[in-house]
1. Condition first: more than 30 Å from residue C:267 (Cβ to Cβ), surrounded by fewer than 20 Cβ atoms within 10 Å (Cβ to Cβ) and at the interface with another protein chain (Cβ under 7 Å from one of its Cβ atoms). Now tell me which residues in segment B:203-225 satisfy that.
2. Taking the condition of being closer than 22 Å to residue D:85 by Cα, within 14 Å of chain A (Cβ to nearest Cβ) and not in a helix (DSSP H, G or I), how many residues in segment D:30-51 meet it?
3. Just to verify a result, which residue in segment C:147-184, among those that are touching a Gly at 6+ places or on another chain (Cβ under 7 Å) and of a type in the set (D, E, K, R), is modelled with the lowest pLDDT?
4. Would you check which residues across segment D:286-316 are more than 30 Å from residue D:31 (Cβ to Cβ) and surrounded by fewer than 22 Cβ atoms within 10 Å (Cβ to Cβ) and list them?
5. Kindly list the number of the only condition in (1) in contact (Cβ under 8 Å) with a residue 12 or more places away in the chain; (2) within 30 Å of residue A:269 (Cβ to Cβ); (3) more than 14 Å from chain A (Cβ to nearest Cβ) that fails for residue D:144.
6. Going through D:249, D:266 one at a time, which residue ends up being closer than 30 Å to residue B:276 by Cα and within 14 Å of chain A (Cβ to nearest Cβ)?
7. Pick out the one residue from C:70, C:34 that is more than 18 Å from residue C:296 (Cα to Cα) and not acidic (Asp, Glu).
8. So how many residues does segment D:323-335 have that are touching a residue at least 60 places away in the same chain (Cβ under 8 Å) and of a type in the set (Gly, Ala, Ser)?
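The values are calculated or read from the model by the stated rules, or taken from the named source; none is laboratory data. Treat the numbers as computed from the prediction; the structure is a model and nothing was measured. Virtual Cβ from ideal backbone geometry, glycine too; neighbours counted across all protein chains shown.
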Number of protein chains: 4
Amino acid sequence: MKSSIGVAFIGAGRMGLTHAQTLGNIAAARVLVVADANLEAAERGKILARAERATADIEAAINHPEVEAVMIVTPTDTHANLIQMAAKAGKAIWCEKPIALTLEETQTTLEIVEKAGVPCQIGFQRRFDPGYMRAKELIETGKLGKLESFRSLGRDTYLPNPAGIRPGGGTFLDMTVHDFDLARFLIGEVVEVSAWGAVLAHEMFAENDDCDTAVCMLRFANGVLGVVESARHSNWGYDIRTEVAGSEGKVVIEAPHKTPLQHFTGFQNHTDVYINFPDRFADAYRQQMEAFFAALQNNSTPSPGPKDALETLRICLAAKQSWQQGKPIKVQEAK
Amino acid sequence: MKSSIGVAFIGAGRMGLTHAQTLGNIAAARVLVVADANLEAAERGKILARAERATADIEAAINHPEVEAVMIVTPTDTHANLIQMAAKAGKAIWCEKPIALTLEETQTTLEIVEKAGVPCQIGFQRRFDPGYMRAKELIETGKLGKLESFRSLGRDTYLPNPAGIRPGGGTFLDMTVHDFDLARFLIGEVVEVSAWGAVLAHEMFAENDDCDTAVCMLRFANGVLGVVESARHSNWGYDIRTEVAGSEGKVVIEAPHKTPLQHFTGFQNHTDVYINFPDRFADAYRQQMEAFFAALQNNSTPSPGPKDALETLRICLAAKQSWQQGKPIKVQEAK
Amino acid sequence: MKSSIGVAFIGAGRMGLTHAQTLGNIAAARVLVVADANLEAAERGKILARAERATADIEAAINHPEVEAVMIVTPTDTHANLIQMAAKAGKAIWCEKPIALTLEETQTTLEIVEKAGVPCQIGFQRRFDPGYMRAKELIETGKLGKLESFRSLGRDTYLPNPAGIRPGGGTFLDMTVHDFDLARFLIGEVVEVSAWGAVLAHEMFAENDDCDTAVCMLRFANGVLGVVESARHSNWGYDIRTEVAGSEGKVVIEAPHKTPLQHFTGFQNHTDVYINFPDRFADAYRQQMEAFFAALQNNSTPSPGPKDALETLRICLAAKQSWQQGKPIKVQEAK
Amino acid sequence: MKSSIGVAFIGAGRMGLTHAQTLGNIAAARVLVVADANLEAAERGKILARAERATADIEAAINHPEVEAVMIVTPTDTHANLIQMAAKAGKAIWCEKPIALTLEETQTTLEIVEKAGVPCQIGFQRRFDPGYMRAKELIETGKLGKLESFRSLGRDTYLPNPAGIRPGGGTFLDMTVHDFDLARFLIGEVVEVSAWGAVLAHEMFAENDDCDTAVCMLRFANGVLGVVESARHSNWGYDIRTEVAGSEGKVVIEAPHKTPLQHFTGFQNHTDVYINFPDRFADAYRQQMEAFFAALQNNSTPSPGPKDALETLRICLAAKQSWQQGKPIKVQEAK
């Protein structure tokens, strides 16, 4: 096993700071530099990541000779370029999902990574949540029997910044992507999607050709049928629930109440709900990073990788196009 | 308020006996007769319903002068005819869902009932479950704000008798009908359905042109989007869950564990799940009957009525046709 | 099996009406008469019990030749006399707990019942709750291994009528009695009690030489140690929880949320708590009556019987005396 | 605010390694040295704590000039001596509970710490659990009204090493101490204890004049009554539950199921229980350390301190003596 790994951490926006803080507690990482075009942001990230220095020069950070791994949490439209740059520099890569919003750019990036032969992990953190990991284990050991159905629900607590809706690719690419990744993780490849969307809560989604409420049906290669629901806001907290049923049993992955306390008064019992993804998936964010560094130290292939990003993107695009065109779309025909 | 009401109870099959037993504990009812073409069955029903006598002559039971209300729990394909007979005889009617498997027969029956001016309630018992009633109240009093999404899941515990699959109309008409009725009860009218079905568990469904696993998307007149899932068997017990979300809150209707006991051992907590609809909806079955007799005693209109059966049937047919034709179907165009 | 059993129901106060309504739905009972010194109350009870008539003449009701079983829900200080009267008349007896507030009167009554050879069941309804029944079954089949500890908590929702505190015998005899009965039902005989009481909520308890808050320790004959807590009011609903732990496992008997609905809003999940014993133990009240009539029809001995009332009373008195004398009391030395 | 604080971490046994790992992720700490009389153990601790070096020379580690804070997780009988040594050296101190097993030694140590004027925090980690913190907040803001009752249950999963029973002081001092600390934290000072103990599971407790099962009653200065239960083993996982009830409401602090997954099969729902204190209180262990370093950085007094250790020890001793002497003991008279 290698000793600690030199890291360049790129991107110190809101999500970047969350990941920087997690990174600051990973013993296997030696964070050499936090880079952000905004130096002030980089300085904040440096403190949380316990990095040696901050910089606004992203390219130099990536190419620094002591840097062995590059972690990318920049805006989505820069992911592909930065992954390619890191791959060409021979660095291991961890990148927040997605690689890109188009199949072409994702495919190109995947090929460059594969050609470079560098390890590359994509940030689908739910795969590292103890609930989803246990679900996977029960499925793989046959405890659910022959799989029959899948359901995943996601509601983000807070509305996105209006300026970020279009660059994020819209609801299916930005949010439902996590449920589609779970679908592949737990059940297998999806062959067909039928999706409906609507603007029920906020006009800004309509103004950006997006929806704030969506439902989908999924048909899997193994015959399983599924449904997925997404909403862009929730006044009762972060709302994530996945169910998988088979001939022998069912699993439901949903966090029980957050604070280990029940408050009884007025003929009711009141319990706390998780606020948002940073608290609900705190463990998962940490475990996905530990898995990345463990893979580097053990010379094993980190997972999920760019191929997962590509296949999941196909489902996102199929869903978006199904909604836009008003008909089911075969996943392999999505563009 | 009238004193107790003379009842003829028709149909003493499996579901009939469940209803007969419930009826036997309804103080407002005086059960004059239990009728079933099979006299032996009628005799069993007589005991459970605490009836005065049993008979194989259904027509005479309906037309007996002391009978004020007729309760029909016969096979589906006889419902319409018996309702019509009872209506023409001027009797109040309670009938297990559905009225019929076609819009035409349902429409005709509805007209005859309306013309006769007799009270008529259809057996969508979930509307009387304390959970669904409370959900309705929270929705109507605005506690959920503007509604945004609906989800209903239903899995029956035991497989149907193969001989009953085709006469029951198949999964969408026989089972999902309850979820579609809830959709209308809680959210409002449905305008469009898209459904997929599959045979994943038992070939007998394929042999009867039916599916054992189904998913649907619903679009409501008020813009709400919904999903519905159905499965014809479950090895973990009766699996019924409905969710309604809006701008101000969410309700989940699902029974907590059945036995008020938790059993801890081996690093796990084990709790009981309801076996099937008779135990899960025992309260609802009783309350729907009490509501029927209360309506008769108060000269109010019982609900849900034949118009509900008709509108819910449209959704069932739209779902079935969507599945068969591989495209979304407008509910008002379903045939 | 006998056909339906002729019943005289005595006592139509608050608790009496609850039992009368339950009785009205017991098919095995033919309620001939409801008797209460207050005829108006008896008339109300008659309706709920679906009785043939009401009377203010309790003695005549008991002795009526068609009456086979007498059910007693009168004030506590009349129980012993009425049981004795019914026993001497050769009638089967069901009586609300307790038989009497003294060991002497209870013992005398027990002897008269035994001499008369009539069936006699005492109203410890919790034994018929599905949770407690399942706990008993798990214990008896060894699923908990060697028993080690017992805990029972009881909080009544509403304060008692001040005038009823002293005649009820105080907290230990009136309320904790149910927990002591559970202790015997689930674990076995209690040999020693140490109890503390306090008046924390309402001075009326002090004025009646009673406490409103109490804690006890129990030592069982088999070595198990237990604790019991009681409180006379609760603003969050009926609060009943029992735990039994052993070498192989633990059971917790507590009702999950009452309405099968969760209401999410404002980062909290809100669920309903049972209001009071009539809703929490509705099933148990029904099942204890069905068990009584089933025993009569099968000529088996109903349980729990007067011997249970006597042994449980010893624990109540030991607790009360322990509190009053400030020292542990051996159950067999309680007076 | 000071920058990172130089730490000497003393003691790398089982519990020491748990704390060392937590310390390794505390950004505010710079761990200079891990010391353990067993150098091999110290080396293991060094890795987990991310320390600069390991040593077998505890005294040198404490007195090292760059060390500002000493953390002590050695065997109980060495705590007082090490605290005194660190205090005299002018170092801030964090020490696992208890300070000592006697009031005299605890009092002496407390005086030395106070005289030295160094910050000193004792490891009652439950006070930092989000559930207990929220309970405290609800109590202090009056949400529970006037307090009336307290209950705390603790069952450790694994039996202690037989050799550690006597040095740990027995059940009341080693295990129940946490519940007694909670009692003081949530309700206030305890004035009287009555306790019973028994050996029901393992003879080794009898051989060490200890019990494996215990129950206590507590009387608080504010009149509240409480019960506490302790057991030294549990085959269903770590079993910790605390309840506080008042005139306006009740809180229950108990962790919901561990893995965010429900597994349904065979008419049951199966959920995971926490294995033991390291997983149940992982958050609390981290937060108590963060609170300690935050206090040092902010020059505020860390809490709970040695005075808490002293007052809680009095309750432990009162309970132990109550059990041994078979009578209630006033806390201020415990020796």
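1. none
2. 3
3. Only one residue fits best here, namely C:174.
4. Looking only at segment D:286-316, we keep the residues that are more than 30 Å from residue D:31 (Cβ to Cβ), and these are D:311, D:314-316.
Scanning segment D:286-316 gives a single hit, D:311.
5. Status for residue D:144: all satisfied but (3).
6. Details: D:249 fails: closer than 30 Å to residue B:276 by Cα.
Going through D:249, D:266 in turn, just one is closer than 30 Å to residue B:276 by Cα and within 14 Å of chain A (Cβ to nearest Cβ): D:266.
7. Details: C:70 fails: more than 18 Å from residue C:296 (Cα to Cα).
Of the residues listed, the single one that is more than 18 Å from residue C:296 (Cα to Cα) and not acidic (Asp, Glu) is C:34.
8. Selection size over segment D:323-335: 1.
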